[in-house]
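Below you'll find the structure, written out as structure tokens, and then a few comments.
Since every read-out is calculated from the coordinates, none of them should be taken as a lab result. Quick caveat: nothing in here was measured; it's all calculated off a predicted structure. Heads up, the Cβs are rebuilt from the backbone with ideal geometry, glycines too, and the neighbour counts pull from every protein chain shown.
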Amino acid sequence: MPSMVSSILRTIFLLIALTLAQFCPAQNFSGVSELVRRRIPSLHRYIVFKSLPKSSEETFILSTRNGKVIVQANTISAASTAVNHYLNHICHSSISHAADNLPSTVKVIPIKRPIRVSTPFRYRYALNYCTYSYSYAFYQWEDFERELDWMALNGINLMLAPLGTEIVWQQTLQSLGFSEASIARFIPGPAYTAWWLMGNLEGWGGPMSQPMIEKRHRQQVKILKRMRQLGIEPVLQGFPGIVPSFFKDKFPNAPVIPQGLWGAFQRPYILLPGNETFNRVADLYYQNIKKYYGSDIRFLGGDLFHEGGNAQGVDLAATASLVQQRMLTHFPQARWVLQGWNNNPPPSLLTGLDKHHVLLINLAGEIAASWEQSQEFGQTPWLWGSVNHFGGKTDMGGQLPVLVNEPHRAFRNSSNHVMQGIGILPEGILTNPIVYDFALKTAWNDHAPDLNQMLCQYILYRYGRWSEQLYKAWQLLSRSIFGEFEFKGEGTFESIFCARPSTNVTSVSTWGPKRMQYNPALLEQALTLFRQAADKFAASATYQYDLVDLARQVMANHGRVVYRQAMEAYQAKDTLRLTEASRRFINLVLLQDSLLATNRHFLLGNWLKAAQSYGDSEADRGQSLENARTQITYWGPDDPATRVHDYANKEWSGLLRDFYVPRWIAFFNELSLQLRGQDPPKTNFFAMEQAWAKDNNTYPTEPTGDYLKMVDRVMATIGLKSD
């Protein structure tokens, strides 16, 4: 009897499996298989991909059988995420922007029982317009290829992809009768396209040459093809009405609204919809999108009145409705992707939209729960996200408790589930790997995961094996610089070494935090614990990066103490104390430079080398180099009153020594002369910054020095023991 029951049950299960198979069209996992070949070649022959039935949630199941890893998934994105889950949690390996923990041979490790993981979040979104300027400005195809593989491994299935919009605009403006010279005034240089696309500026850092426009178009074609293979939908740039500020030169009767200045930059104008001119421009623009990038686009970005602008007298609801209608005329399935940042978009604008064709990206998740205050943006479908690493700065930081917990709280409390996903929105993505790792891993949980448990797992796959010292260090960091801040704003307290000198430095960049948001003593304790782990981890690339980065942050914090001592001496008119404090401050910056010279991720030379290689002509490469040097210093425009200077500051070896140190030396010399009764001329910092930006001297691209010895020097300088 038992054998008969067993036989019947097997038959039933087989029939169920066969029935499900009929409704389970095979996914094409070849793109994921090729990803494994590129990034983990030793595993390529040992991973088998199989389809799971479609369901309301993306799901993967991991198991091993006969020496093979079996990945079952119901989407391409879930399959890629499964590979990363196996790499992290079974093989204790990882890939990141800030060093990899990846042995040359990754072996198949058996899984005791199948692992099933699902995500309740429909979309896992990536990128900020700024990422394309602060991190990707000079990327070649090989760089984008690795970046897309990282996105896929981390579960991204929707990504901003505006590269190559230049050729769309060029062809559109040519069709409208604008000259090459006029078009050149509109399209900016490669390091500034982000703010052009957002309607903040035009032309700065340009003109962009025809070969470069075509190069970026070819890159975008490759990017879109690869994204499709990896199950990532692109968000291309739509046409919300942004036009050149000189648009009326050709269309004097067009209903355009001047947008004034963004800082000291001339903003493009807004062409109002609902008329023949708007329709003509929009039609040409979308025809060129189809011509160059295809007609299967389902997401289109572009914001009206971003970060200010002039909307006086504009019926925002009617305007937005007409913009959306024209978009849907060309792409009937499209959703208009809007940025939720500060007061953008205004509630009145959202009321005019067909909400079925909108997706709002909330950029301020770490700063405030704006979704609650606005009743989920007037019941607009939205994603929970957070902007990190403003300006692509090198400061450590990110509120891990918020990133891990808040998306789940929002999802739980969302009315009618208008919250549809989670996103990472970095201005720069090349630092603080734990922030993006945790922000995306939380998406593959049906409730907020335990942060402490995530830290335990992170130790294993970040460094390859367990360390009690590293675990205790990360606990300290998760309660300080990676904890939830009492004072929230644009990132973490910046390094004073990078500030334009004055007697009252608070933030380094204009919009940066004005005070410390955490207890710096906890970082010093964490550094001591990190250093104690060197006996086991000294050869680890991830350990090296994290130790150097932590020592850098501790040193930057200590710089604030010495700066205050120097300013107190100046206020007390104590020349000797000022001389001593200023000498110690300059030595700190130079020591920081030497510390960072030991790790390739902190070398100015690599940023400049990428720029010098970007372009097919000497002129293009020279322009890219000036773009690169300008962006990280005075930013622009050529106006001493610019408020954007040092917004993209970096603690990089070479930049500290040759850019920041001369400014501080000039400043302290000026103060010293004043205390000696002289009246020296005010230092022209802007002139110094412009001169450096226009130089073309080269910097090392390979690390030098012993990182452990330099960390020990840092610790000794600030009074910490290294053993």
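Round to the nearest 0.05 the FRET efficiency obtained for ARG465 and ILE115 when R0 = 35 Å and r is the Cβ-Cβ distance.
Details: r = 21 Å, r/R0 = 0.59.
Between ARG465 and ILE115 the formula returns 0.95.
Calculated from the structure, Rg and Dmax of the Cα atoms in Å equals which of (1) 26.8, 108; (2) 40.4, 166; (3) 29.4, 108?
Answer label, from the structure shown: (1).
Can you give the FRET efficiency for GLU214 and LYS250, using 1/(1 + (r/R0)^6), R0 = 35 Å, r = Cβ-Cβ distance, to the nearest 0.05? Could you put the intermediate results ahead of the total?
Working: r = 25 Å, r/R0 = 0.70.
Taking R0 as 35 Å, the efficiency between GLU214 and LYS250 is 0.90.
Quick one: length gained pulling PHE487 to HIS417 fully straight, 0.36 nm per residue minus the C-alpha distance? Mind dumping the intermediate values first?
Working: separation 70, 0.36 × 70 = 25.20 nm, distance 3.00 nm.
Contour length minus the Cα-Cα distance gives 22.2 nm.
Suppose each label sits 7 Å from its Cα in the direction of the beta carbon; what would the ARG146-LYS291 distance come out to in nanometres?
Those two pseudo-labels are separated by 3.6 nm.
Using the Cβ atoms and a cut-off under 10 Å, what net charge is assigned to the surroundings of TRP607, where Lys and Arg are +1 and Asp and Glu are -1?
Numbers: positive: LYS609, ARG629, LYS650; negative: none.
With Lys, Arg at +1 and Asp, Glu at -1, the net is +3.
Which of the peptides 443-455, 333-345 is most tightly packed, and how do the rest follow, judged by the mean count of other Cβ atoms within 10 Å per residue?
333-345, 443-455
So for each of 496-509, 399-412 I average, over its residues, the number of other beta carbons within 10 Å; can you give me the resulting order with the highest mean first?
Highest-to-lowest ranking by the protection proxy: 399-412, 496-509.
Label-point separation (nm) for ASN275 and LYS472, each offset 7 Å from Cα along Cα-to-Cβ?
Label-label distance for ASN275 and LYS472, simple model: 7.1 nm.
Looking at region 161-362 only, what percent of DSSP beta bridges run antiparallel? Nearest 5 please.
On the way: 7 of 17 bridges.
Rounded to the nearest five, the antiparallel share is 40 percent.
Please sort 377-389, 200-212 by packing, taking for each peptide the average over its residues of neighbouring beta carbons within 10 angstrom, highest first. Please list the in-between numbers first.
Values: 377-389: 23.1, 200-212: 20.9.
So the peptides 377-389, 200-212, ranked by packing, come out 377-389, 200-212.
Have a look at the DSSP beta bridges in the chain and tell me what percent are antiparallel, nearest 5. Working shown, then result.
On the way: 20 of 53 bridges.
About 40 percent, rounded to the nearest 5.
Out of all DSSP beta bridges with both ends in region 22-90, state the antiparallel percent to the nearest 5. Before the final figure, lay out the partial values.
Working: 6 of 11 bridges.
Among the beta bridges of region 22-90, antiparallel pairing accounts for roughly 55 percent.
Give me the number: length gained by fully extending THR506 to GLU702, i.e. 0.36 nm times residue separation minus the C-alpha to C-alpha distance, one decimal in nm.
On the way: separation 196, 0.36 × 196 = 70.56 nm, distance 3.35 nm.
Using 0.36 nm per residue and subtracting the Cα-Cα distance, I get 67.2 nm.
Set Lys and Arg Cβ to +1 and Asp and Glu Cβ to -1, take the dipole of the chain about its Cα centre, and tell me which of TYR139, TRP196, TYR463 lies farthest positive.
Going by the Cα projections, it comes out as TYR463.
Can you find, among GLN532, VAL661, THR630, the residue farthest towards the positive end of the dipole of region 496-717? Put +1 on the C-beta of Lys and Arg, -1 on that of Asp and Glu.
In region 496-717, that residue is GLN532.
At a Förster radius of 35 Å, what calculated FRET efficiency corresponds to the Cβ-Cβ distance of ARG45 and ASP450, to the nearest 0.05?
Values: r = 36 Å, r/R0 = 1.03.
Using R0 = 35 Å, I get an efficiency of 0.45.
How far apart, in nanometres, would the label points at ALA317 and ARG643 be if each is projected 7 angstrom from Cα along the Cα-to-Cβ direction?
3.2 nm
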